Amino acid sequence: MSFALRDKVMLLVAVLLAAIYLFPLYWMYVTAIKTGSAMFASPPSFWPSDPQWGIYGFVWESRNVGRYLWNSLVIASGAVSLIVVLGTGCAYVLARYRNVWVDIGLFLILMLQVLPASLMITPIFVGFSQLGLLDYPRFAVILSIAAKSMPFFVVLVRATFMSVPMELEEAALVDGNSRFGAFFHIVLPLARNGILVSAILIFMQAFGEFVYSKSMIQAIEYQPASVGLNSFMGPNTNEWNNIMAYAAMYVTPILAIFVLLQRRIVSGLTSGALK
Amino acid sequence: MRKLLLSVSDGRGFDIGLVSVPLAFLFAMAGLPLIYNIVMSFQEVDMFSLGTFARPFVGFKNYITLFSLPETWPILRNTAVFVIASIAGQFTIGFALALFFWTGFPGSSWLRGLFLVSWVMPGLVVGAIWNWILSGDFGVLNYILREVGLVSGNIFWRSDPDFSLWAVVIANIWLGISFNMILLSVGLSAISQDLYEAAELDGANVVQRFFTITLPMMRSTIGAIIALGLIFTLQQFDLFAAITAGGPNNSSNVAQYWAWDMSFRQYDFAQGATISVIMIVFVMIASVVYVRSTRHEVRG
């Protein structure tokens, strides 16, 4: 078998595998534009014969998707800002030094990264209700997400800072910069891309967050899209085309970011988990 | 005062300032709740004493009550089944895909990256899609299984107690495949090609090369990935909320969902805290394994 033919066969198999893997995503988009009867047809049709594009406008209005997405956006942006402001400096210090304290700090941060949100929510909820923080439910959720995701961000950004040569910073110090100046004018600009990709990763996670929002936000006008989707799916629901349309509107912006930044996101993810 | 300011802008104080604020934040938001969780598991907590710190201590009563509940052992068993089945499925399929893409062909790295879409999707969306795919009468999975001839009648994935846990396992395997595959690919690409060339010259076939080179060289990566899989599987909550909500009759309930259910559905915060404490101990053990297996890399 020639190499060109082998490549073509492998590529074909790979495309087939990817298609099988991504079928659930396709099924979401197809179901969303089916009519009520086509949805429950047996055998199901894998291609919508009579696409109902109007369903997006209908669900957007009737389920108030705009408000839900806005709340998700507020919560995710708040959490990411807090994480970037606090986590960047922490990652920098942990990358710059090599001693037993740094090792202990890293170990603690890695341990914090693994605590499941559904187990931490009980003490956080009780503590927040005693402090009165639950009166500002979105802020309470932002704080909890920040604490949950910051360790991951620190690990990712630390890997970025490790790749910035220390000589550059030392040269800036010799030239009369203060540590403060060297950090903001030399190190941060060099690490900008890594920080940006990590922030986007954290943003996508926070945009889909569910446990904290579900538990702490009672008022429907402050709930994010994940909680809205959950209350849309009752136990005996049969409006699957509407639910899939909702899900499609929720997930498409994230998918767009992912496709645009795929290469960077993949490399960012792998460096965080194994290095 | 001037000296302190100078230290903050241009000395040791700069580093300490940068690191102490986030660590204080993390301690307040993760360390304190952890301690508070343990304290609550030894207290009597109900809706009336929720707002006060002065709650009666009851010793190990919560733990004793917990283990006398009829659903406790089935739920712990479910948790074990969920974790083992999910990791086995994710790892096997992920490893097979990683090996396939590792052979290298035009477009392989781009197509491989496409799989990670599942990782960035909100858990609730993944759960909603699978809820619909797994639907009993109209689900597309039942249709495919019937057409292939694997089953004769419809399986009621979400409402049959024999299948409800497996419904979530299937969705969780789908979700985890991509992550396993990408991390295993990183490990595979780190193996030197010289080893394979040498083995090939010595006459080792593909299977022999896999077992004598690939697997031994991947040992620490595999350890780290399985530990990570354990951590992520024990964090899985959204799929339960979206597909079965632990039902029917706790047949698909697992400890991490149960802990939340206790606190926020049955308002028994003390029991919820008790389950959390037990599960956090398990997670901690898994994470120590993970940190140990990546330690040489963490230290660089």
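The values are calculated or read from the model by the stated rules, or taken from the named source; none is laboratory data. Remember, predicted model here, so these are calculated numbers, not experimental data. Neighbour counts are summed over all protein chains in view; Cβ atoms, including those assigned to glycine, are modelled from backbone coordinates with ideal geometry.
Number of residues in region B:142-161 that are outside any loop (DSSP other than H, G, I, E, B) and surrounded by fewer than 19 Cβ atoms within 10 Å (Cβ to Cβ) equals 6. Of all the numbered requirements in (1) in contact with a helix residue (DSSP H, G or I) (Cβ under 6 Å, 6 or more places away or on another chain); (2) within 10 Å of chain A (Cβ to nearest Cβ); (3) among the aliphatic types (A, V, I, L, M), B:Val39 misses one, and that requirement is (1).
Would you check if A:Val197 is modelled with pLDDT of 85 or more and within 11 Å of another protein chain (Cβ to nearest Cβ)?
Working: modelled with pLDDT of 85 or more: yes; within 11 Å of another protein chain (Cβ to nearest Cβ): no.
Against the criterion (modelled with pLDDT of 85 or more and within 11 Å of another protein chain (Cβ to nearest Cβ)), A:Val197 does not qualify.
Taking every residue in region A:182-211 that is over 23 Å from A:Ala225 (Cβ atoms) and pairing it with any residue that is among the polar types (S, T, N, Q) and surrounded by fewer than 19 Cβ atoms within 10 Å (Cβ to Cβ), at least 6 positions away or on another chain, the pairs with Cβ-Cβ distances below 8 Å are A:His185/A:Asn177; A:Ile186/A:Asn177; A:Gly194/A:Ser163. For region B:116-135, the set of residues classified as farther than 30 Å from A:Ala41 by Cβ and part of a loop (DSSP other than H, G, I, E, B) consists of B:Leu116 only. Please go through region A:180-236 and pick out each residue that is over 18 Å from A:Pro116 (Cα atoms) and outside any helix (DSSP H, G or I). A:Ile217, A:Gln218, A:Ala219, A:Gln223, A:Pro224, A:Met233, A:Gly234, A:Pro235, A:Asn236 - these are the residues of region A:180-236 that are over 18 Å from A:Pro116 (Cα atoms) and outside any helix (DSSP H, G or I).
When B:Asp162 is tested against the conditions (1) at pLDDT 85 or above; (2) more than 7 Å from chain A (Cβ to nearest Cβ); (3) closer than 22 Å to A:Leu25 by Cα, the lone failure is (3). Out of B:Val207, B:Val186, one residue alone is in a helix (DSSP H, G or I), more than 21 Å from B:Thr244 (Cα to Cα) and at pLDDT below 85. It is B:Val186.
Evaluate the following for B:Leu228: is it farther than 28 Å from A:Val126 by Cβ, in contact with a helix residue (DSSP H, G or I) (Cβ under 9 Å, 6 or more places away or on another chain), free of Cβ contacts under 8 Å to residues at least 12 places away in the same chain and part of a helix (DSSP H, G or I)?
Details: farther than 28 Å from A:Val126 by Cβ: yes; in contact with a helix residue (DSSP H, G or I) (Cβ under 9 Å, 6 or more places away or on another chain): yes; free of Cβ contacts under 8 Å to residues at least 12 places away in the same chain: no; part of a helix (DSSP H, G or I): yes.
No: the conditions fail for B:Leu228.
For the structure I just gave you, tell me whether A:Ala256 is assigned by TED's automatic domain parsing to the domain that holds A:Leu196 and modelled with pLDDT of 85 or more. So A:Ala256 fails the test. When restricted to residues that are more than 25 Å from B:Arg12 (Cα to Cα), modelled with pLDDT of 85 or more and crowded, with 19+ Cβ neighbours inside 10 Å, region A:80-126 contains 13. Against the condition assigned to a helix (DSSP H, G or I), surrounded by fewer than 23 Cβ atoms within 10 Å (Cβ to Cβ) and in contact with a Phe, Trp or Tyr (Cβ under 7 Å, 6 or more places away or on another chain), how does B:Phe138 come out, does it pass? No, not satisfied. Only one of the numbered conditions (1) surrounded by fewer than 17 Cβ atoms within 10 Å (Cβ to Cβ); (2) farther than 16 Å from B:Leu124 by Cβ is not met by A:Ala182, and that is (1). For region B:82-108, filtering for residues that are crowded, with 16+ Cβ neighbours inside 10 Å and at pLDDT below 85 leaves 2.
Anything in region A:18-77 that is polar (S, T, N, Q) and either touching a Pro at 6+ places or on another chain (Cβ under 9 Å) or at pLDDT 85 or above (or both)? List them, or say none. It would help to see each step written out before you state the result.
Narrowing region A:18-77 to residues polar (S, T, N, Q): A:31, A:35, A:37, A:42, A:45, A:49, A:52, A:62, A:64, A:71-72, A:77.
If the condition is that a residue be polar (S, T, N, Q) and either touching a Pro at 6+ places or on another chain (Cβ under 9 Å) or at pLDDT 85 or above (or both), then A:Thr31, A:Thr35, A:Ser62, A:Asn64, A:Asn71, A:Ser72, A:Ser77 are the ones that fit.
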